[in-house]
1. Could you look through segment 104-116, keep only residues that are open to solvent by 20 Å² or more (accessible area, probe 1.4 Å) and in contact with a Ser or Thr (Cβ under 9 Å, 6 or more places away or on another chain), and pick out the one that is nearest to residue 244 (Cα to Cα)?
2. Just checking, does segment 79-101 include any residue being open to solvent by less than 90 Å² (accessible area, probe 1.4 Å), aromatic (Phe, Trp, Tyr), under 30 Å from residue 146 (Cα atoms) and at pLDDT 85 or above?
3. Can you tell me which residue within segment 38-75, out of those that are of a type in the set (Ser, Thr, Tyr) and at pLDDT below 75, is nearest to the chain's Cα centre (by Cα)?
4. Go through segment 42-51 and give me each residue that's open to solvent by 60 Å² or more (accessible area, probe 1.4 Å) and not hydroxyl-bearing (Ser, Thr, Tyr).
5. If a residue must be in contact with a Lys or Arg (Cβ under 7 Å, 6 or more places away or on another chain) and either part of a strand (DSSP E or B) or under 30 Å from residue 81 (Cβ atoms) (or both), how many such residues does segment 158-200 contain?
6. What are the residues in segment 57-78 that are aliphatic (A, V, I, L, M) and open to solvent by 90 Å² or more (accessible area, probe 1.4 Å), if any?
7. Condition first: outside any helix (DSSP H, G or I) and open to solvent by 60 Å² or more (accessible area, probe 1.4 Å). Now tell me which residues in segment 11-41 satisfy that.
8. Give segment 143-171 a look and list any residue that's among the small types (Gly, Ala, Ser) and more than 24 Å from the chain's Cα centre (by Cα), or say none.
Amino acid sequence: MPVVVDIRLRPWGHQHRKMNANADKVDKARAEERKNKGLETEVYCKSLYWPERGAFFSLPINCMGLGSGTCSSCNTVKDHNEKYNFTVNSSKTSFVYKETEYSVHDYIYVSPHRFATERVGHETFKGGRNVGLKAFAICQLLEIVVPKAPKQPDNSSTEVKVRRFYRPEDISDVKAYCSDIREVYYSEVTHTLLVEAIEGRCEVRKKSDLPSCDAPTIYEHMFFCECLYDPHKGSLKQLPPNIKLRFSAAKGASDSLRKNKGKCIKGENDLGAEKSKENCLATLDIFAGCGGLSEGLQQSELTGRAPLEAANS
């Protein structure tokens, strides 16, 4: 059933708030009057809501396609579908999901709510309204399970078998407090999940294989594993020598790490040159003040306490 939508333009700005508020009162009174008379509900559009920004904006009249039968939303949906086209290779050893290629033995991020309720040791962790604040679970891709023909594989039907790596906070609050933020624990626990649960790629290495530059840099999406965790017994022990942490199949930063074997000499490591500056400071911005300290640290290339003194002066 076709619906007539009235496009209403309204001025934006603080100086127009009172006028817009009065116009809204008139609209509400008119809608209530039509409802009492049993008349058809009027539908109108006066603003654009942007969920990613959590705010309302003025209507983009020029790209709404009024009278043409098409609009920018149609093109956006088409581009989105093409961009996130899901494909699996013929050998079923890799697939492309959201423009990222995943292969067997790769390490991946998984939505935390996939493991929202589970018993670890003597504690029970339950998912709730704050599940979005939990870190991604880290897993290793072991197998790709595609639906049987003739059904075309897609991200909502294709499954992956993964090995779970536990974070220190999955074990206890004490471990979470005293452990390195990059540390994870190997386990024999496996899960079968839909591809939709995957949130991205990461890397897991032995600590000796991590870059050991002088700069206190934490490399993005890179973790280390030295211990084996048994969630059933609650035991944590040294990783046996027969368990090998395989490098990802994808080329890129991991190739450079494999070549350097964790050794880093200033001027010789391309990855270190790109990722960090010599003798840079490790900082945490908590958005306090107007940002003068953060700006000073970013612009300064000095060492020691000089950047702090410059930013605080």
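The values are calculated or read from the model by the stated rules, or taken from the named source; none is laboratory data. Bear in mind the structure is a predicted one, so any value in this text is a computation, not a measurement. No Cβ is skipped: glycine too gets one built from the backbone with ideal geometry, and neighbour counts run over all protein chains shown. Heads up: the accessible areas ignore ligands, DNA and RNA and are worked out on the full protein's heavy atoms, side chains in. Shrake-Rupley method; radii C 1.70, N 1.55, O 1.52, S 1.80 Å.
1. 105
2. Yes.
3. Here is the first cut: in segment 38-75, the residues of a type in the set (Ser, Thr, Tyr) are 41, 44, 47, 49, 58, 68, 70, 72-73.
After this cut, where a residue has to be at pLDDT below 75 as well, the list is 68, 70, 72-73.
Values: 68: 37, 70: 32, 72: 26, 73: 24 Å.
Taking the candidates together, the pick is 73.
4. Within segment 42-51, the subset open to solvent by 60 Å² or more (accessible area, probe 1.4 Å) is 42-44, 48-51.
Listed by number, the residues that qualify are 42, 43, 48, 50, 51.
5. Qualifying residue count for the region: 6.
6. Step one: list which residues in segment 57-78 are aliphatic (A, V, I, L, M), which gives 59, 61, 64, 66, 77.
If the condition is that a residue be aliphatic (A, V, I, L, M) and open to solvent by 90 Å² or more (accessible area, probe 1.4 Å), then 66 is the only one that fits.
7. Of all residues in segment 11-41, those outside any helix (DSSP H, G or I) come to 11-13, 37-41.
Passing the criteria: 12, 37, 38, 39, 40, 41.
8. First, pick out the residues of segment 143-171 that are among the small types (Gly, Ala, Ser): 149, 156-157.
Once the filter is applied, which keeps residues that are among the small types (Gly, Ala, Ser) and more than 24 Å from the chain's Cα centre (by Cα), segment 143-171 yields only 149.
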